[in-house]
Each structure stands twice: as C-alpha cells, then as structure tokens.
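Read-outs throughout are calculated quantities, based only on the coordinates presented, and are distinct from any laboratory measurement. This one's a predicted model, so the numbers in the text were calculated from it and none came from an experiment. Every residue, glycine among them, receives a Cβ derived from its backbone with ideal geometry; neighbour counts consider all protein chains shown.
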C-alpha cells in the first residue's frame, strides 16, 4: 500500500478547516489541522509533513511568516498558499519565498487535489535528487577516508536534510 | 411624453428662477431709489417750496408797491383836478353868473391843465344850472338840488366832492368833481365832468408792459376802471377789501380759484386800486418749469443708472449663485467619487470577507457530495449532514451581510438627519468593515469611548464616510503589527472622535497638503487623494472641524469635532 501523504492545513476558519480536512482524509491524505501559525510550526517540528496548505491572512502570525519558517526548517516540504485576497502581488511574493503554488479562495476541489499531487511529486523528485546527490557525495567521501570520518560526514549530510 | 414633461418641469424651474431674479432686481431698484432718489426728490421739493415762497413774497411786495404807486398817482391827479376847479372858482375875477362865452373860456382854462375835463356846470343856491360849457346842447334836467353831491356841498361839510364813475348821456363813463363857493349871501357850485380815459390809458399801458391787471373799484366793490378783457365796467368785482388798512394784500375767489391781489385806498376819493398778477398762482409752475424739467431729467437719468446698476448686481448675484450651484454639484460628485474610491480601497479587505465564506460553502458542498458518494462508502446518517448544511447557510448569510452593508453605504442616499450616539455610528462601521480585516492584518483596535456622550443630530452615512476614510488611512499608514485607538468625548459644544494610529506619521511638508483634493502619498492606483478633502468638506458642512497631530515615524491622530446642536 502506498504511503499516505502527510499534509498540514493551517486556517483560522475552523469550519473550513474541518470540511477540507475530512474531504482530504477520504482521499488518503493524512491531515493535521492548525488554526494559527504558532501551532503549525510546533506540529511541523514533531511530524515530518510532505506538504502544507497555508491561509495567507491569519491573526497573529500570518501565512507568509509561517511559509518562511517552514521552508527554512524543513528542506523538502512543499507549501501551497490559500487566500481570499487573491492579489497578484502577494502571489509573486509567496512564490519568491518558496511556495509551490497559490490558490485563491474559493477554489475547485479537483484543482486543489491536482496541485497537491503535483507538489507531492515535486517533493519526491526533489528528495530523490537530494538522495542521489547524497549518494554521490558519500561515494566521494568514502574514497581514502577512515570509517569514523565517513560516519561524521554522513551525520553532517543528515543534518542538512533536516 | 416623458421628454415633454421633463422640459415642462425645466421651463417651470427657469420661470421660477426668472421670477426670483426679477423680484430681486425690483428689490434692488427700490432699495437704491430709497437710498439715492428719495433724498434728492425731498431736496428738490424743499428748495422748490422755499423758492416759491420767496417768489410769492416778492410778488406780493411787487403788486403792493404797484398798488401804492398807482394810488398815489391817482390821488395826485384827483387833487390836481380839484385844485384846478377851486382855483377857478376862487379866482376873484370869476364872474357870477358868467355868460356862456366866459364859461367856455373857463373850460378851456381847465383843459389846459388836463384834457380829462369835458364840460363844466355852475349851479346856484337852489341847484339850478345857471351856466354850462361843453358838448351837451340840451338838458332834460336843470335842477340838481336833490343830488347827493349837491346836498353835501350845500351843507358845507366838504369843500369838494368826487363822484363814482357813471354812464353819462352819451353812454360814456364819466365822473364828476364838484366844488362850492360862498359869495356873500350867495352859494355856488362848480361841477366838472371828467373822462377817466387818461387814467384808463395809463392803467392799460402799464398792464401791457407787465404781467399784472390793474383795476379800480369803489367802496361798494363796483368796477370804476377796468380792462374790458378782464371785467365789466360798473359791474360788481370779486374783490373784497379790508377798509381798515390803506394798503394790503387779500385773496379773491374767481371760479373757485384763489387769487392774490394787492389793494390801496385812494385818499381823495373812496376808490381802491386793485393789482393782481395776470397769471396768478400759475407762476409757481411757470417760473420754475425749467427747474422742474431739469430736475426730472436728472431724476430719470438717476433712475436709469439705478436700474442698470441693479441689473448688474442681480447679474453678478446670479453668476455667483450659478457658480455656487455648480460647485455644490461638483462637490456632491466628488463626495460620491471619493466614497466609491474609499470603498475601492476597502475592496481587498471585503473580498477576503466574502471569499472566506464562499470557500466554506464550496468546501462543505464538496464534503456532502463525498459523504453521499458510494465510492467513499461513508453511509452517512442525515444527522451527519445537517451541521454541514447549517455551515453553508451561515456562510451565505455572512456574505449577504457584507454586501448589504457595503451597498447601503455606497448608495447615493439623501441626507438623513437623525439623532445618533456617535459611539454607535463608529461601532456599526468598525464592526461591519474593519473588525476582521484588522484582526487578520494584525492591527489592534482599542476603543476608548466616553459613556456619557450627548446625542448629536447628523447623517450617519456621511459620518461613516469620514470614519472610513480616516480608518483606511490609519490602516495604510501602519506596518503591522500596530494599534488604532478610537477615542470619543465631549469638548464644549462639540463631541469628537479621534483616530490615533501607530503608523508612519505625516511630515511637516505633507501636513499642509493633506486636505487638498487629489493629494495622495499612496502608491499610484491605491489612493485617489480625495478621502481627506471630502471628509473635511463633510465635517465643515456639519459645522465641525478636523484637527491633525502627527509625529513622523510614531503615528498620527485625526480628531473630528461635530457640534452637538446642528443649527
């Protein structure tokens, strides 16, 4: 059986959060809900999310800040922004900050699924490439080094992944 | 049909404004006339009256002096004639009774002194004519003892007698002078008949050179000498003369017309010289007609000037009114434009407010579909679905509330003055448009309301527009997180609200310009530069004011004062 995609949804509209989460759960997503940015970042520390769906405008920490922190702390997470504002400027800004996609509210559910899947694929590809790179690095490292050195270098690479 | 109606209304409107301006012009004409013309007319009348009085006084003096002069001359004439006769009869050489040749010689002697003498008679003691010289050849009466003059002379109380004018045998006006003489036991009377032509001519010639009528009446008021074009000889004259004064002024009434005349009694005979202005009271208008014409022309010119001036005043007033009306229309349009623009600025926030519930709707609908989709094998109970339907319902009404509030604000509504508590107006707007917007933008709102605020009469919609502009500006000035403090209170006859932000502030250069239309510091396309200028206009219209304090980098405070009593 295929591994469930681990998804974090952050929105201050609880009703929205509940319904979207249930629908995604029906489609083999493993969903974690957060109603504000602080909770979201805390959850992300404990669980390795594949993807995050972020509302842009939220009381307290807003979507952009959460995006920045997530991208900084988690190398392979892909983030999709959701917003009711839907202005081009904020879309560009979020993309620069590393968001994979940008969806204006209300959106078509099929479109969301499509974007989520694309994002997941992109994440897999990125992970795969990173793994390849790691293998290459490892093979280079292995040449003419002591086993202790090799282990130390491998731990370094792991830290980078995190 | 509609167009006709419309043009009818327009015509009626222009008709009414025309009538208004016409009335205004008449008012100005009356006002200017009262200010300028009335004093002038009063002055003209005053001087005219003064002048007339002067003229009449001088007229009076003039005719009085003529009367006195004539009277003196006539007296002189009469006295001379009496003396002529007395000299003749007192002459020691006078023969009693003279023969007719001698009588003719005596007449000739008299005529040398005055050709007014026409004939002479000599009467004896018994009143019989004893001698005659003159044009009459045969007498019907020869005894005159019963005649008044004869009796008077016989009594001896008078030396001479002058009779009134009478029509003699030849129907010519005559008068007689009779003198007496006692010769020893005998008593004689010498009587001369005189023609008044001399005097008459004298009077007429004087009349011709002046504008006066001169006539002579006796003590009973009958004409003795008169210009035939003026009165009839021996007829009753209209003059009523005071007998106490020798010389005087009086008034006659001919055909109900008051007429001034001067009179002077003669001393030699009970006659009165009457002098009257030929054109009488008409002199007032006649003499001054030139002045009157001149005054009238002056008045007319002044009136024309006044009419033109009033027209000019009304025209400038009209232009002013029209300009003001135009300004008012433009202001109204500007106000509406600004309202729309400020709503436009709000639109982003509003979109968020609407899109969020819409997202809920879409999501809930999708969920319900999933639940009943056999593919997911959920087999939902109806109770599981109802909460989701409720969520959809709530979301739909959230949207409706927002659009309704937005529309009620943007709609071109008439000014509706009502009593409001300022706090309620602010709450209504902030809760509708800003509460969530500020929460999600990390702007804290602190409401610092006074509880005992008196109610004010105002138009809530316009005050909301001011608030909206100020809150939009405050929001734009803040880089989140920040705080907007809304304070209300009372100061003297005003209530106020203050919007204080922790934004970027306004520099000294900018602060002079912020109320100017189209001045904006916002990015192109974000601000119209109308918000503050229109807000200021609204507040001024209500008799209020806006105060600004700002520290660059720290924030600004806009304080809006509104009078508690609107008028």
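One table, with the values for the structure above:
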| item | result |
| --- | --- |
| Theoretical gain in end-to-end length, residue B:312 to residue B:57 [0.36 nm per residue, Cα-Cα removed] | 87.0 nm |
| Fraction of beta bridges assigned by DSSP in chain B that are antiparallel (%, nearest 5) | 90 percent |
| Share antiparallel - DSSP beta bridges, the protein assembly as shown, percent rounded to 5 | 75 percent |
| Helix-only CD estimate at 222 nm, as mean residue ellipticity for the protein assembly as shown, using -39500 (n - 2.57) per DSSP H run (n ≥ 4) | -18000 deg cm²/dmol |
| Mean separation of Cα contacts under 8 Å, 6 or more apart, over the residue count of chain B: relative contact order % | 9 percent |
| Nitroxide proxy distance, nm - points 7 Å out along Cα→Cβ at residue B:49 and residue B:19 | 4.1 nm |
| Within 10 Å of each Cβ in A:24-30, the average number of Cβ atoms from other chains | 2 |
| Net lengthening on full extension, residue B:329/residue B:373 (0.36 nm per residue, minus Cα-Cα) | 9.8 nm |
| Alpha-carbon centroids, segment B:89-117 and segment B:26-67: separation in whole Å | 63 Å |
| Relative contact order [Cα under 8 Å, 6+ residues apart], chain A, whole percent | 18 percent |
| Base-10 log of normalised Debye intensity for segment A:1-134 (one unit scatterer per alpha-carbon) at q = 0.10 Å⁻¹ | -0.29 |
| Degrees, to the nearest 10: B:283-372 long Cα axis against longest axis of chain B | 10 degrees |
| GNM result for chain A, Cα springs below 10 Å: residue of A:147, A:104, A:59 fluctuating most strongly | A:147 |
| Label-point separation in nm, residue B:401 to residue A:88, each point 7 Å along Cα→Cβ | 3.4 nm |
| Gain in span if fully extended, residue B:154 to residue B:382, counting 0.36 nm per residue against the direct Cα distance | 65.4 nm |
| Folded to 0 to 90 degrees: helix B:197-209 orientation relative to chain B principal axis, Cα | 20 degrees |
| With Cα atoms, 0 to 90° folded angle of helix B:2-32 axis to chain B main axis | 50 degrees |
| Segment B:187-203 versus segment B:136-186: alpha-carbon centroid distance in Å | 12 Å |
| Spacing of the two label points (7 Å from each Cα toward its C-beta) at residue A:142 and residue A:25, in nm | 4.5 nm |
| Dimensionless Rg over Rh [the protein assembly as shown; C-alpha; Kirkwood] | 1.65 |
| Ranked B:302, B:171, A:47, criterion: other C-beta atoms within 10 Å, fewest first | B:171, A:47, B:302 |
| Kirkwood Rh and Cα Rg combined as Rg/Rh, chain B | 1.62 |
